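Encoded as structure tokens, the structure appears first; notes follow it.
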Amino acid sequence: MLKYYNYDIVFQEIPNEVTLAVNITNCPNRCKGCHSPHLQQDIGEELDENKIIWLMDKYGLAITCFCFMGGDANPQRVAALASFVRLNYPEIKTAWYSGCAKLPEGFNNRSFNYIKLGGYVKELGNLKSKTSNQHLFEVQEDGFMKDVSNLVNSV
């Protein structure tokens, strides 16, 4: 089960998109210097298809992208919910911010338009830093992940 803590409409996480960013809890990564350590706890409400419908009824006309911020404890469930968004709201792009360095074995990245990979390393900086180990990828139709991190740096 995925749980979320909160959500917000943001403008910088995914380039050129108005994004509903949903903060997933129970993060297993424990990045030193994490800006949201409370998301490491098993707290919040369940994020399921009914909650996504509720969120889309409320914000669907105001956004262009639905982003799962975390969910590394259950990436297959994140992908299933992203597929649900893509199937039921085809005009809305989907994104996933993972703190892992690579995708899990056998993971279907085609559930997403964008995937951010990489845990936070304070000395390297966040995704906007030129020295960051984090990368934002645009998932192509064939599943190829095109690095578009430079677009984040230019926002």
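In this structure ARG77 has an accessible area near 60 Å², from a 1.4 Å probe over the protein heavy atoms.
In the full protein context, the chain carries 54 Å² of accessible surface per residue, based on a 1.4 Å probe and ignoring ligands, DNA and RNA.
Restricting attention to the range 19-137, the count of lysine pairs at 8 or more positions apart or across chains with alpha carbons under 16 Å apart stands at 6.
Which value, in debye to the nearest 20, gives the size of the charge dipole of the chain about its Cα centre, when Lys and Arg are +1 and Asp and Glu are -1 at the Cβ? Provide the component values of the computation, followed by the final result.
Working: 15 positive and 17 negative charges, 90 e Å.
Dipole size: approximately 440 debye.
The range 1-66: D in µm²/s via Stokes-Einstein (Kirkwood Rh, Cα pairs, 25 °C, 0.890 mPa s)? Numbers along the way, then the final one.
On the way: Rh = 12.8 Å.
Here the translational diffusion coefficient equals 191 µm²/s.
Based on every Cα atom in the chain, Rg and the maximum pairwise Cα distance Dmax equal 14.4, 41 Å. Note on the chain: GNM, Cα springs under 10 Å; of SER83, SER98, SER36, the largest mean-square fluctuation is that of SER36. Applying 1/(1 + (r/R0)^6) with R0 = 35 Å to the Cβ-Cβ distance of ASN150 and TYR89 gives a FRET efficiency near 0.80. Working note: 222 nm ellipticity from helices only, DSSP H runs with n ≥ 4, each -39,500 (n - 2.57), summed and divided by the residues of the chain, gives -5500 deg cm²/dmol to the nearest 500. Considering only ASP72, ASP57, ASP48, the Gaussian network model of the chain with Cα springs below 10 Å gives its largest mean-square fluctuation to ASP57. Here the range 54-116 has an Rg and Dmax of 11.5, 35 Å, counting Cα atoms alone.
Measuring with a 1.4 angstrom probe and ignoring ligands and nucleic acids, LYS51 comes out at about 40 Å² accessible. Please name whichever of GLN134, ILE92, ASN113 sits farthest to the positive end of the charge dipole of the range 78-155, dipole taken about the Cα centre and charges placed at Cβ: Lys and Arg +1, Asp and Glu -1. Of the candidates, GLN134 comes out farthest on the positive side. How much of the accessible area of the range 1-154, in percent, comes from carbon and sulfur atoms when a 1.4 Å probe is used? Heavy-atom surface of the range 1-154 belonging to carbon and sulfur, 1.4 Å probe: 50 percent.
The values are calculated or read from the model by the stated rules, or taken from the named source; none is laboratory data. Please read all numbers here as calculations on a predicted model, not as lab measurements. All Cβ positions, glycine included, derive from the backbone under ideal geometry; neighbour counts span all protein chains shown. What goes into the accessible areas is simple: the full protein's heavy atoms, side chains included, and nothing from ligands, DNA or RNA. Shrake-Rupley method; radii C 1.70, N 1.55, O 1.52, S 1.80 Å.
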